[in-house]
Amino acid sequence: MPTAANHTERFAAKVLDWYASNARNLPWRAAGTSPWGVLVSEVMAQQTPVTRVAPQWVAWMNRWPTPAALASASAADVIAQWDRLGYPRRALRLHECAQVLCQRFHGEVPRDLTALRSLPGIGDYTAAAVMAFAFGERALVLDINVRRVHARVFVGIANHPPHITTGERSAFDAVLPKDERAPQWSQAVMELGALVCRPVPACEKCPVAKSCAWHLAGQPAAQTRARRPQSYVGTDRQARGRVMALLRDAGGNAVDIATIEGAWHDREQLQRALQSLLADGLAEMRRDGQVSLPVSASITR
DNA sequence: AACCCGGGGAC
DNA sequence: GTCCCAGGGTT
């Protein structure tokens, strides 16, 4: 008789088989990638598509292969190397993370979920991903892809709820293999969500469509539509991005305030953006009023 | 819980 | 133009 355990096992076998012949050739999946390399890839991939991350990760790891190497770099160099990956605060936190690893963890990535979770820029997802993909441990790797696949295949709804609940965690824990396949399973489900089980799904290419609760139910529409923020154009974030682009293009040299103001139409908004960048440690104002990437000795926060 | 934080590619 | 992306931190 069919049981939930059987369903779970069939799903695992099929998705692992699918992954074996459909996995993308991402550079950090190469044999020999260090735990630090995995951690860097996960931080870069926070809200940035992996196809954009890949070339940046190669250049980054070539320049700073270890936590010690990154820790000794200047913040300005770190931000400039981050370039246009977006959310440059991640670059500062990664820099700080490397320094904490050197100060408290002998320059190595800890094989410990709680320790990882305590590091700057490392949240629930990234800590679990490092445990699974760097160390081969069983961990709940709940990214946007895994949550979407889980919601559809096992729950039968179009999308996951907006926030992770304890119920979703325990339901996910029940289907994650208990054995050594868990990391590969997570990787495979992520890949399935990224390539096939997209927001607009490609069920004709899906290896588990015939056992997908949502597909079998006729793909009912999502109950609630997530409210979208206003367009990016004209936001404070775009203004910040414009200032950061100027500072990067200056190659670490200082930029005149008039040049910065000339890059944005709203003077008050630009001032707000600049102040927030200074507060975040992403920019620095010199005594003469010019602005640059943070070139001072160190940032301690 | 709500809000903030970039940038680019696909459509 | 809209939607989406291997999330995390702050309040």
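Every number in this text was worked out from the coordinates using simple rules, so none of it is lab data. What you see is a predicted model; the values in this text were computed from it and never measured. Please note: Cβ atoms are built from the backbone with ideal geometry, for glycine as well, and neighbour counts cover all protein chains shown.
Here are some notes:
- The range A:42-62-the range A:148-188 distance, computed between alpha-carbon centres (Å): 25 Å
- Measuring spread by the Cα atoms of the range A:153-203 yields a radius of gyration and Dmax of 12.0, 32 Å.
- Each Lys and Arg Cβ is given +1 and each Asp and Glu Cβ -1; about its Cα centre, chain A then shows a dipole of about 620 debye.
- Sorted ascending by nearby beta carbons within 10 Å, beginning with the fewest, A:215, A:150 become A:215, A:150.
- Residue A:236/residue A:73 FRET efficiency (R0 22 Å; Cβ-Cβ; nearest 0.05): 0.20
- Estimated FRET transfer efficiency (residue A:30, residue A:111; beta-carbon r; R0 22 Å; 0.05): 0.60
- P(r) tail fraction, chain A - alpha-carbon pairs more than 30 Å apart, %: 42 percent
- Note that the range A:24-135 carries a Kirkwood radius of 13.8 Å, evaluated over its alpha carbons pair by pair.
- Square roots of five times the Cα gyration tensor eigenvalues for the range A:179-277, Å: 46, 20, 11
- Taking the charge dipole of chain A about its Cα centre, with +1 at Lys and Arg Cβ atoms and -1 at Asp and Glu Cβ atoms, the residue from A:7, A:265, A:126 reaching farthest to the positive side is A:7.
- Contact order relative to length of chain A, as percent, for alpha carbon pairs under 8 angstrom and 6 or more apart: 18 percent
- Exposed GluC sites (Glu not before Pro) absent: longest stretch of chain A, with sites in DSSP loops and at most 15 other Cβ within 10 Å deemed exposed: A:181-301
- Judged by the gyration tensor of its Cα atoms, with axes a ≥ b ≥ c, the range A:236-292 is rounded; a/c sits under the 1.5 cut.
- Over chain A: helical MRE at 222 nm, DSSP H runs n ≥ 4 each giving -39500 (n - 2.57), nearest 500: -15500 deg cm²/dmol
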